[in-house]
Amino acid sequence: MRPLIVLVGPTAVGKTELTIRLASHFSAHIISADSMQIYRGMDIGTAKPTLEERKGIPHYLIDIVEPDQTFTVVDYQEHYNKVKSGLDEEEVLPILTGGTGLYIRAVTQGFIFPDPPPDPELRASLHREAETAGKEAVYQRLLEVDPVSAKKIHPNDLKRILRALEVTLSTGKPFSQLQKARRKVLPPNIIYTGLTRDRKELYNRIDQRVEEMVKNGLLDEVSSLVRHGYGPELQSMQGLGYKELVPVIEGQSTLDGAIELIKKRTRNYAKRQGTWFRREPVENWFVLSEGKEEDCYKNILLYLEGRIRQVSNSIS
C-alpha cells in the first residue's frame, strides 16, 4: 500500500497552485475531489485548472461526465478506485485534493452510501415543489419524514435536502437509516493535510475570484450551457455561479445583483467547508497568508517529505 497525500481546504484558499507545485516536486499525479469539476463544459465557474496551469501534470476525475448526467458519491468512489489502482501499479505517488469533503471521506474512510436507482419523475416533482413552495417547505417536509437527516443539513442546502427526500420517498426508509457509513480508522498510508487562511483574507480572495470569473466569461459559459439545453433543474446547474446567473440570462435579475449573491453564497460555502474539514482526521494544518505563501510551501514540503519516508518505511 503506497503513500497517499490528501490536501484539503476551503474554496479559494490556494489548493490548486500549491498542489501543482508539490506534484511537480514529487513527480506525483493529482486526483481531483471536486463535485463540480467532474462536468465537461463547466470550466470558469468551477475554477477548473487550465491545461497551461496544470503544467503537464496528469489530473484525474476532471471532465468525466456531461452536465446532464447523474453522478453520485458511489460513482466517485468507483472512478477513484480505478485511478488509484492504476497509479499504484505504476508506482506513482497520488495527491488527492479538493473541497468536496464527502468525496474525500468516501475514498479515505471506506464509507458505504445508499444508492437507490434514480427516479427522474420524483426528482422533477421535488424540484417543482421547491420552486413553487420554497426551500423552507421542502426542508419542513424532510423534517417530518427524516428528522435525523434534516438536522444534519443546513436549511439553505437545497441540493442535499432534495437528495435526502428523494432517497427517503423512493425507498420508503429514512435516508439516515440507509446510510451504512461508519467512520473507520484512517489507513496508515494516508497523509491527511489541510490548508487554511485568515477568514477576512479568504473572503477577499473569494470576492476577487468571482470578479475574475465574470471578467473571464462566466456569463457566456452559463448562456452556452442553457442554449445546449442544460436547465436549472440539473444537479450540475445547481453549482455556485451557475444557478445565480440563469435568472440573469432569463431577464429576471441583474448581473450586479447576481455577482453579489455568488460572492455571498461562496463565502457561506467556504465557512461550511471549514466546519466539515475540522471534523475530519486532518493530521496537520498549514496557514497560508498573502506574501508568505513561499514560506508555507517550504514548510509543507519538508513535512510531507518526512511523512512520506515514515509511511514508506512502515508499510515496506
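The values are calculated or read from the model by the stated rules, or taken from the named source; none is laboratory data. Bear in mind the structure is a predicted one, so any value in this text is a computation, not a measurement. With ideal geometry, Cβ positions are generated from the backbone for all residues, glycine too; neighbour counts draw on all protein chains shown.
Annotation note: of 255, 218, the sole residue that is over 22 Å from residue 97 (Cα atoms), surrounded by 19 or more Cβ atoms within 10 Å (Cβ to Cβ) and at pLDDT 95 or above is 218. Look at (1) surrounded by fewer than 18 Cβ atoms within 10 Å (Cβ to Cβ); (2) within 30 Å of residue 305 (Cβ to Cβ); (3) among the small types (Gly, Ala, Ser) and you find that residue 41 fails only one, number (2).
Each row is one residue, and each column tells you yes or no for (1) outside the structural domain of residue 209 (by TED's automatic domain parsing); (2) acidic (Asp, Glu); (3) assigned to a helix (DSSP H, G or I).
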residue	(1), (2), (3)
219	no, no, yes
222	no, no, yes
226	no, no, yes
233	no, yes, no
242	no, no, no
247	no, no, yes
253	no, no, no
258	no, no, yes
261	no, no, yes
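With the structure loaded, tell me whether residue 269 is over 25 Å from residue 126 (Cα atoms) and either in contact with a helix residue (DSSP H, G or I) (Cβ under 7 Å, 6 or more places away or on another chain) or at pLDDT 95 or above (or both) or whether it fails that test. No: the conditions fail for residue 269.
For segment 278-291, state whether one or more residues are assigned to a helix (DSSP H, G or I) and surrounded by 13 or more Cβ atoms within 10 Å (Cβ to Cβ). First the steps, then the outcome.
The initial filter retains those residues of segment 278-291 that are assigned to a helix (DSSP H, G or I), namely 278.
Imposing the further condition that a residue be surrounded by 13 or more Cβ atoms within 10 Å (Cβ to Cβ) reduces the set to none.
No, that holds for no residue.
Scanning segment 258-316 for residues that are among the aromatic types (Phe, Trp, Tyr) and within 30 Å of residue 246 (Cα to Cα) yields 269, 276. Counting only helices (runs of 4 or more DSSP H) that sit wholly inside segment 119-177, those with at least 3 residues that are over 24 Å from residue 232 (Cβ atoms) are 135-145, 147-152.
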